[in-house]
1. What is the number of the single condition among (1) in contact (Cβ under 8 Å) with a residue 24 or more places away in the chain; (2) farther than 30 Å from B:Leu49 by Cβ that B:Gly220 does not meet?
2. Can you confirm whether B:Lys116 is free of Cβ contacts under 8 Å to residues at least 12 places away in the same chain and not aromatic (Phe, Trp, Tyr)?
3. Condition first: part of a strand (DSSP E or B) and either in contact with an Asp or Glu (Cβ under 6 Å, 6 or more places away or on another chain) or open to solvent by less than 40 Å² (accessible area, probe 1.4 Å) (or both). Now tell me which residues in segment A:310-338 satisfy that.
4. How about segment B:15-57: which of its residues are of a type in the set (Phe, Trp, Tyr) and either within 30 Å of A:Gly104 (Cβ to Cβ) or assigned to a helix (DSSP H, G or I) (or both)?
5. Could you check segment B:284-307 and list, in sequence order, the residues that are part of a loop (DSSP other than H, G, I, E, B) and under 24 Å from A:His339 (Cβ atoms)?
6. I want to confirm something. Restricting to segment A:21-37 and keeping residues that are under 16 Å from A:Thr265 (Cβ atoms) and away from chain B (no Cβ under 12 Å), which single residue is surrounded by the most Cβ atoms within 10 Å (Cβ to Cβ)?
7. Can you tell me which residue in segment B:244-283 is most open to solvent (accessible area, probe 1.4 Å), limited to those that are at the interface with another protein chain (Cβ under 10 Å from one of its Cβ atoms) and in a loop (DSSP other than H, G, I, E, B)?
There are 2 protein chains.
Amino acid sequence: MLKVTNMKYKLPAATKIRWADIVDTPEVVIDLDVVEQNLENCQEQCDRLGFAAHPHIKTHKLPLLAFAQLEAGAKGITCQKIGEAEVMADAGIEDILISYNVIGEQKIRRLLALSKRANLTVCADSRAVVAGLARIFKNKARPLKVLVECDTGMHRCGVVSAEQAVALAKKIAATSGLHFEGLMSYPAAGGGNTALDWLADAKQACLRAGLKVAVVSTGGTPDLYNLNTNSDITQYRPGSYIYNDRSLIAAGACGIEDCALSVITTVVSCPDAQRVMVDAGSKSLSSDLFGLDGHGLVVGHPKITIPALSEEHGHLATNQKSKTAKLKVGNILRIIPNHACVVSNLFDQVTLVRGDYFVSRQAVLARGKTQ
Amino acid sequence: MLKVTNMKYKLPAATKIRWADIVDTPEVVIDLDVVEQNLENCQEQCDRLGFAAHPHIKTHKLPLLAFAQLEAGAKGITCQKIGEAEVMADAGIEDILISYNVIGEQKIRRLLALSKRANLTVCADSRAVVAGLARIFKNKARPLKVLVECDTGMHRCGVVSAEQAVALAKKIAATSGLHFEGLMSYPAAGGGNTALDWLADAKQACLRAGLKVAVVSTGGTPDLYNLNTNSDITQYRPGSYIYNDRSLIAAGACGIEDCALSVITTVVSCPDAQRVMVDAGSKSLSSDLFGLDGHGLVVGHPKITIPALSEEHGHLATNQKSKTAKLKVGNILRIIPNHACVVSNLFDQVTLVRGDYFVSRQAVLARGKTQ
């Protein structure tokens, strides 16, 4: 999918320093040339389909890249946690959707504080969530926008029928301090038109009940490129597209050359002819399998697999008898992880590069924001 | 295994504040009463067997608990990464084993700096590792102690025969700036006497070659309680025992009451009669399965399982039609994770408690030290 870029905005330029000369391992390296291309591809697709892009920052957790998403054309960003939204608001980002049921007085008071400096939207899938929000937001001058989360097939959170969606939408619309803004779903990947049909039915049911549905929001990177124009969807929340990863290669959504995030690792032991150990284990790659065989893709070594991880060791299976592929202690390898988002959460800092050249190191400011 | 404690040292006392009144979720809560008992049980067993305890701090990553381990009787600590050892040395801990091949000039220069303020031991399993250490440490007044790492059945790192162990030990002993200190293994769990026999053979082979073997080091929490006195082992490196977890319950090494670390979580959605969603997902519990079914143990709810995790959602399977077990949005649950060590790496802070009462919050200073 990679092609020549023509971005209007600027992420930092490369230096003349080769990152291979200064990086230590294990380390996350992010290629901004690839990031820029991924941003452009996604924005073009959202523009083509008439969707407002609200990318999910969980993949990168970096204010710098959230700004790049906005400058590429996104209308706002999506976060999963208030702590993530606080980091992004601190950086000056204004339009934030928290696509998660916010529950508990501590979190809702933080939400109220955040609402003074950001244009917030949240979601809800039950009367209990709505009641919690209402207790803190009632009588506030600027009502909190609330989307009804719909379970369109993912079987995670969400109301499970159009009737439930309408009932909850009416409750929100009738609650002081809250504003019913529309419908939201995180659909099952590859679910085809099921989620779109579900949301279209629920929207019609809301309209019949006299409710205005300003937003119909859906998400998921792989399906964005499968969609045709659909007048009901107004907002799309892609996440992984900015980096891509092995799971998206497996889903046919991208190629190796579209993967911006890699884990750089050193060979620490070659104990026998079948086994090579590297210093990237589950503390660097996570244990996420996503239904795949093995724990990542070793770039340039298609016959090497990663059958197991310890916390600090990647267990590579190879054939050290093949002279061309023979690895030695100290060799540096590049691994594309199964799941990029969780890797971003494991590292305090990442190294930005362009091709072979170093750009800068960045603190992953929104990592570890569990609350 | 939990019993009345009689510790000589003092971890901080409880306050009169109930932690349930102030904790937000998801959050890691660590019960110091249970920690103290686990420290005492382990130290008693090491004393009985005549082992010097060198507990691995990867499980807790907290200087406070490393000091508690030393005060309980440990002779030093074990780290996997130089970054972890730097944090522990900053806190004033002197005797540190880095049980990992240290490779690359940046890391070995940091090791040299660290050796000025800590009594360091490292390991090596190849001539390449020894050569790297020697390049920086040669001609230093205080030689670096090096253990030969042995693969006694784990099939991770380590020399694979007693002959290889002797050859590498001779190389270390003959290298300027390095001192051959002994043998080290991380054995396969439940391997019985295989690892002990392996190490006994290798030690005899070293002695026959005229080498002094000051240390024979092994590790692993579950097997510590299965061992009988064995004169060859001098050092034991238990890790998980301080917290325990669901994998150790499954291994028969402890009971629920011996688990010091829990993830506290809130029910965020009850979409249907079989499904309850909580706010602890793989970003809180990790995806580590360790061969178990499901992603943790919901304390007090033995019929509830955790069949799946999203990043920010735990998917609980239950029977909401049973009135006694019925959960509601906002309920707080306590989950014992499959693997405590990786949970410590996911949280910037943890909450220390004693029973129902709050002690303090602690930054997990050695988390995220990938290098």
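1. Going through (1) in contact (Cβ under 8 Å) with a residue 24 or more places away in the chain; (2) farther than 30 Å from B:Leu49 by Cβ one by one, B:Gly220 breaks only (2).
2. yes
3. A:Gly314, A:His315, A:Leu316, A:Ala317, A:Leu333, A:Ile335, A:Ile336
4. Selection gives B:Trp19 alone.
5. Result: B:Ser286, B:Ser287, B:Asp288, B:Leu289, B:Phe290, B:Gly291, B:Leu292, B:Asp293, B:Gly294, B:His295, B:Gly296.
6. Only one residue tops the list, namely A:Ile30.
7. Step by step, filter segment B:244-283, then rank; the result is B:Gln274.
Table: residues versus (1) surrounded by fewer than 19 Cβ atoms within 10 Å (Cβ to Cβ); (2) on the phi > 0 side of the Ramachandran plot.
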residue	(1), (2)
A:Ile57	no, no
A:Leu65	no, no
A:Gly73	yes, yes
A:Thr78	no, no
A:Ile82	no, no
A:Ile103	no, no
A:Leu112	yes, no
A:Cys123	no, no
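The values are calculated or read from the model by the stated rules, or taken from the named source; none is laboratory data. Since the structure is predicted, the reported quantities are computational estimates derived from the model, not experimental observations. Reconstructed Cβ throughout: ideal geometry from the backbone, glycine too, with neighbour counts over all protein chains shown. Just so you know, the surface numbers come from the protein's heavy atoms only, side chains and all, with ligands and any DNA or RNA stripped out. Shrake-Rupley method; radii C 1.70, N 1.55, O 1.52, S 1.80 Å.
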